[in-house]
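Notes follow once the structure below has been shown.
What follows is calculated from the coordinates using simple rules that are stated; it is not laboratory data. Quick caveat, the model's predicted, so the values are computed rather than measured. Cβ coordinates were reconstructed from backbone atoms using ideal geometry, including for glycine residues, and neighbour counts include every protein chain displayed.
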Amino acid sequence: MSTSVSSSLAFGKQGRVQKVVANHIEFSKCPESDIYQYDVSVRPERGNFKKLPPPAYMRSVFDAAMKKHRQTKLRGTRMVYDSRKIAYAPKRVCRPKEILDLDLDYDEDGHTVKYTIRLQEAAVVNTSILTAFMTGRGNIGIGDVQAALNALDLAISSMLHVDMVGFNRSFFTRAQSIATTGGLELWRGFSFSVRPGIDQLYLNVNTAVTAMYTPGSLLDSLMSILGVNDANKLRGHLSVQMLREMGSFLRGLVVFMQHHGIQGKRQFSVRGTTTKGLDEESLEWKDPEKPGSAVKIIVAQYYRRRYNIKLTYPFLPGLIGRNNSVIPIELCTVAENQRFKSHLDERQTADMVRFACQKPADNMRRIMDVLQQTNLGMSPVVQAFGMALPNKLTEVESRVLAPPTVTYGCASRPASFVPQGGAWNMKDKKVQTAGVPLSHWAVLVLASRRFLNDNVVQNFVTTLANTCATTGYTINDTHPPIAYGNANADVAQMMAQACKKIKVRPNAAPQLLLVILSSTNTQVYQAIKNYAYTTLGIHTQCMQSKHVQKANPQYCANLCLKINAKMGGINQGLASSHMEEMLHKKPTLFLGCDVTHPGPGEQHKPSIASVVGSTDLLSSRYVATLIQLPSRQEMVDKMQEAIVRHLKLFFKSTRTKPQRIVFYRDGVSETQFAQVRDRELIEIQRACASLEKGYKPEITFLAVLKRHNTRFYPMGHDGDRTGNCVPGTVVDRSVTMPGMVDFYLFAHAAIQGTSRPTHYYVLHDDSKFTADAIQQLTYHLCYTYAICTRSVSLVPPVYYAHRVADRARCHLVDAGRSFEEASTETGGYYGGAGTAVGRAAVTASGAIAAKIIKISNFLDESQYFL
């Protein structure tokens, strides 16, 4: 990938130099010969597969064929297979246009199945290009070497399938697992991937955890999901919600049916469930005792007559399998080694976090243990592909950058200070700028009035008002209306009624609705945000009822920071002189962009892009723009329109045009860098040119990756109290990407577990920042996150973009209300837009259309998302 990054962006020099251990193993020998890629076709004796069997089965068939033919037709050559349609070999096994057929008699559950494995050369993978890429020779990008990396990944992982269950580049074992709720268990494992570094090739090894279906009785799993210990308790009590929960768990699950009426076990994938119990559901049956006729029979009776099986729980629905067959749940067993791909609930997520949380030293020790156990360097396959690697993690150079000076209001003691350890507190601090005083607001209690009566709630409000006064923000109305409601009823109606109680002057609008919830129910939370953003046009602040009873001033101080920011205030910032120095006194617009996609099985829902932009010279305040995209699209359409809006808002607030734009782009993989950069850079440039002829501010474009498997461990006593790297630790050499300007940054202090650095890539730089300058700027911005008294792990423009995109899911489609759309005809963001009600906008062909979407005009230019 060619870059337009200044040569001045080399390695950084600032900060205290120290060594850290990376979870990378340096190859002592790299492949030098070509690798041959083959198309693979596994054909049964009778016809072709309608659908490829599971990967484990396909791999077993392929391995059996390799074992049979390696010394004959394959001439001793070892091959690795991706379990679908691709295989690699370190030597040619047949001529370029030749087809090589390998016959196999495969033993399957006591009977023999005949297969033909057909191989045909598809490509020659040049490994020398990988060496050229790592040493910076030629105009070679990460996409050019991806084929070689894929082949080496497969060669490394091929031997791991013997003792572990593999999914892509991750491998897990049930030996270290725990049970969680809802028919699931959590497994530990590892991820393995070959990574190019500067002048070196590395194997990245990291710990991993995943959720798996618990093998065994399907009935037991479903009872766990529904929270009952006796299936008879479900008789007559299966609600629509229960059926929905069952369906979500079962969809796509592979189960075995086994009973005395059939031979062996029958495996099938669940397609759905019946709507009635099997004592009511019927089917058409051709009775073998009455040839030529079909009768309608209740399913429970069918199993009694056909197999002499009396169902114990006939009131339960049945499973729908192949050819719409109906199978009783009680006769089914969950197959082993199945990964759960849907969303975990609150309890399961908490279990996952606890299970995954490991101290850095323990994390590194587990990696070393698996390296000793697997001894990858001695694998015959690894050696056949020309690789060698020791069981030793790599030490790399890092630097610790100095923290910035953080400023609060002038009445603070002190008004400015340098935080130590990435955290501070609000003692004797006052917000830098107070927002609009809170005069028109109300409290809505969606919890039991018995536990939270008017006196308890008012006591909390008084504590909140006093704390806000101490912190520098004013609540004028210290006795707001208090309304009560039921979280299981119509939340929108209750919010509207609570807002009617707010006393407002003519032409004024209600400012805030404080909503007290009894639980963290996601659906209720989404309903609140949806109605507030799209219809009421009021800020909301949700909180749990347990905090009301305690009325803790420290909790109230945190609440104050959120309210002040929503009301237009600024909590803290960096010293103006320091910002001017870092930005060379050039007015700078900071932008962050993220794209969030719908969950598995939600193809009808759109993807959402969020673009946030700063509106002041010190990058303390931001506003957001939302863009609806076709489902699972990563490229952001309508980017030019969004950038125009942020340029105008910056000018509206500062009365000056940005001379520089720093754009942080999240959600892009390394192989998409060139495509995303080229397209979105042009969109930014067009946005500037559309506002004024010849307007060309300097643009610096950075990609941000948080989801990666690189970890660093401090050596000796260089770590913090949790054993992690201290805030400000930056790594920009050895294990970074060749031919690019990138760095790993620990901007935060870890609270628990092993800290993950954020990986930043500079893809374009008109400003000619030095490595030190862009690293320091990025690190210091992490101290400006509005609602936190600590530095954060992710640069705030991207952090805010994450929050905006997540919030967009709260008020899109499901609640039946759409956004107001900005368009040139109606004036959009720059005029009055009407409200449209409906689902996601679609094109004439029915595909989801790209469009700018917006919330209520009352919130549009605020930090409602905090």
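When Lys and Arg each count +1 and Asp and Glu each count -1, what net charge do the other residues less than 13 Å away from M352, Cβ to Cβ, add up to?
-1
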>> P(r) for the range 35-125, please, calculated from all Cα pair distances in 10 Å bins and given in %.
In response: 17, 54, 26, 3, 0
>> Taking the Cα centroid of the range 458-511 and of the range 535-562, what is the distance between the two, rounded to the nearest whole Å?
In response: 11
>> I'd like the projected area of the range 216-334, averaged over all directions, using the convex hull of its alpha carbons. Report it in nm² with one decimal.
In response: 7.3
> How large is ³J(HN,Hα) for each residue in the range 331-346, as worked out from phi by the Karplus curve 6.51 cos²θ - 1.76 cosθ + 1.60 (θ = phi - 60°), to whole Hz, x for Gly and Pro?
Replying inline: 9, 10, 10, 6, 5, 6, 6, 10, 8, 8, 9, 8, 7, 7, 7, 4
>> Here is the link list: K648/K693; K586/K696; K50/K97; K529/K566; K233/K265. Which ones come out longer than 18 Å on Cα distance?
In response: K50/K97; K233/K265
> Tell me, what is the FRET efficiency for S128 and A350 to the nearest 0.05, using R0 = 41 angstrom and their Cβ-Cβ distance as r?
Replying inline: 0.25
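What does the net charge come to around F167 if you take all other residues with beta carbon closer than 11 Å to its beta carbon, with K and R at +1 and D and E at -1?
+3
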> For the chain, treating each Cα as an identical point scatterer without solvent, what Debye log10 I(q)/I(0) comes out at q = 0.07, 0.10, 0.11 1/Å?
Replying inline: -0.68, -1.31, -1.48
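When ranked by the protection proxy of mean other Cβ atoms within 10 Å per residue, highest first, what sequence do the peptides 582-593, 292-303, 189-200 form?
Values: 582-593: 21.2, 292-303: 15.3, 189-200: 19.5.
Answer by packing, highest mean first, reads 582-593, 189-200, 292-303.
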> Residue farthest toward the positive end of the dipole of the range 1-116, with Cβ of Lys/Arg at +1 and Asp/Glu at -1: which of I25, T72, A56?
Replying inline: I25
>> Can you list residues from other chains, or at least 5 along the same chain, whose modelled amide H is less than 5 Å from the amide H of Q338?
In response: Y213
>> 5 Å is the cut-off here: which amide hydrogens, built 1.01 Å from N in the peptide plane, fall below it relative to V445, excluding neighbours closer than 5 in sequence?
In response: A483, Y484, G485, I516
>> Under the rule of at least 5 residues apart or a separate chain, name every residue whose amide H is placed under 5 Å from the amide H of L102.
In response: I117, R118, L119
> What number comes out for the charge environment of V40, summing +1 per Lys or Arg and -1 per Asp or Glu over other residues with Cβ under 14 Å away?
Replying inline: 0
> Which whole-Hz couplings ³J(HN,Hα) result when phi for each residue of the range 781-789 is put into the Karplus expression 6.51 cos²θ - 1.76 cosθ + 1.60, θ = phi - 60°, listed in order with x for Gly and Pro?
Replying inline: 4, 5, 8, 10, 4, 4, 10, 9, 9
> How large is the convex hull of the Cα atoms of the range 452-535 per residue, expressed in Å³ as a whole number?
Replying inline: 121
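Run the dipole for the range 434-566 about the Cα centre, Lys and Arg Cβ at +1, Asp and Glu Cβ at -1, nothing else charged, and hand back the magnitude in debye, nearest 20.
On the way: 11 positive and 3 negative charges, 5 e Å.
Charge dipole, the range 434-566, about its Cα centre: 20 debye, nearest 20.
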>> Using each residue's phi in the range 11-24, evaluate 6.51 cos²θ - 1.76 cosθ + 1.60 at θ = phi - 60° and report the 3J(HN,Hα) Karplus result to the nearest Hz, with x for Gly and Pro.
In response: 8, x, 10, 6, x, 7, 7, 7, 8, 10, 9, 9, 7, 10
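Would you work out if the range 420-491 is rounded, prolate or oblate? Take a ≥ b ≥ c from the square roots of the eigenvalues of the alpha-carbon gyration tensor; rounded if a/c is under 1.5, else prolate when a/b is larger than b/c, oblate otherwise. Each step should come with its number before you reach the end.
Working: a/c = 2.37, a/b = 1.84, b/c = 1.29.
Cα axes put the range 420-491 in the prolate bin.
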>> Need the list of aspartates and glutamates near K276 for cross-linking: C-alpha distance under 19 angstrom, and skip anything on the same chain fewer than eight residues off.
In response: E245, E284, E330
